[in-house]
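The values are calculated or read from the model by the stated rules, or taken from the named source; none is laboratory data. Just so we're clear, the structure is a prediction, and the values are computed from it rather than from any experiment. Note: ideal-geometry Cβ built from the backbone for every residue, glycine included; neighbour counts use all protein chains shown. Ligands, DNA and RNA are stripped out before the accessible areas are found, and what is left, the full protein with its side chains, is counted by its heavy atoms. Shrake-Rupley method; radii C 1.70, N 1.55, O 1.52, S 1.80 Å.
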Amino acid sequence: PKKEPASPMITFDNVSVGYGDKVILRHITNRIDPDDRIALIGVNGNGKSTFAKLLSGDLKPMGGEMRKGRGLEIAYFAQHQLDKLKPEQTPFEHIIDLMPTDSEAKRRSRVAQMGLTTSRMDTKVKNLSGGERARLMLGLITFGGPGMLILDEPTNHLDIDSREALVAALNDYQGAVLIISHDRHLIDATVDKLWIAQNGTIEEFDADLDAYQRALTSNSSGKGKGKKGAGAAVVDD
């Protein structure tokens, strides 16, 4: 196992970020600790995915200072990554490249840790359930033991079985987690902190999801349909 990163894992000091010279988010001052479980909420278009890209290193800060613990690895799980699985290969075959010198027994035990039974690890990916595919993908991206996992709308196309598999896998996972999601059940089952993207920044949200719902509803009632759709999206359990 890798050495535990020293706390805090990531600190933000008045960070701004965006694309080209267009600032999307500014004044981010916060920290992420090794055991944090955070849900990032907020209406679509408010910079949630921009923040995820900042965390994962796809975007660099335009201002302020962002410090990451030495040797911190961050894994990024987005729905489209399920397409990277090879449909004609089995889960066991997927792991061979990651464990080139290990014995077959070691490899099999590693696939079993991902939650796939002996018969399923020799089943082609195209014949696995959505839940089994989600477990395999999560197992592959966290293979090296990253200190943090970012999930961007991970349950959008998952059935109930797959969502439960994801919740179980997340709750077993040892590092910090940041989830961008409208999935109420996923948030309730896995996180203990809410951050919100609004007013051009990311900050902690002190109230609970019910208060957030109510705020969205009251905002949208006076502003026509555009906002209401976004508010309603948060409840889709």
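Inclusion of L151 among residues that are under 23 Å from K68 (Cβ atoms) and either in a loop (DSSP other than H, G, I, E, B) or not β-branched (V, I, T) (or both) is warranted. Residues in region 165-208 that are buried (at least 20 other Cβ atoms within 10 Å of the Cβ) and of a type in the set (S, T, Y) were compared, and the one that is farthest from the chain's Cα centre (by Cα) is T190.
In region 9-60, which residue that is of a type in the set (S, T, Y) and part of a strand (DSSP E or B) is farthest from W195 (Cα to Cα)?
It comes out as Y19.
Selection over region 111-147 of residues that are crowded, with 20+ Cβ neighbours inside 10 Å, more than 21 Å from the chain's Cα centre (by Cα) and over 12 Å from T90 (Cβ atoms) gives a count of 0. A Cβ distance below 8 Å, combined with a sequence gap of six or more or placement on separate chains, defines the contacts here; from region 28-51, residues that are at positive phi reach residues that are in a loop (DSSP other than H, G, I, E, B) in the pairs G47/G200.
Quick check on my filter: what residues within region 61-110 are in a strand (DSSP E or B) and within 19 Å of the chain's Cα centre (by Cα)? The answer is K68, I74, A75, Y76, F77, A78.
In the condition set (1) touching a helix residue (DSSP H, G or I) at 6+ places or on another chain (Cβ under 7 Å); (2) open to solvent by 60 Å² or more (accessible area, probe 1.4 Å), D13 is compliant with all but (1).
Each residue in region 153-174 was checked for being in contact with a Ser or Thr (Cβ under 7 Å, 6 or more places away or on another chain) and of a type in the set (D, E, K, R), and 3 of them qualify.
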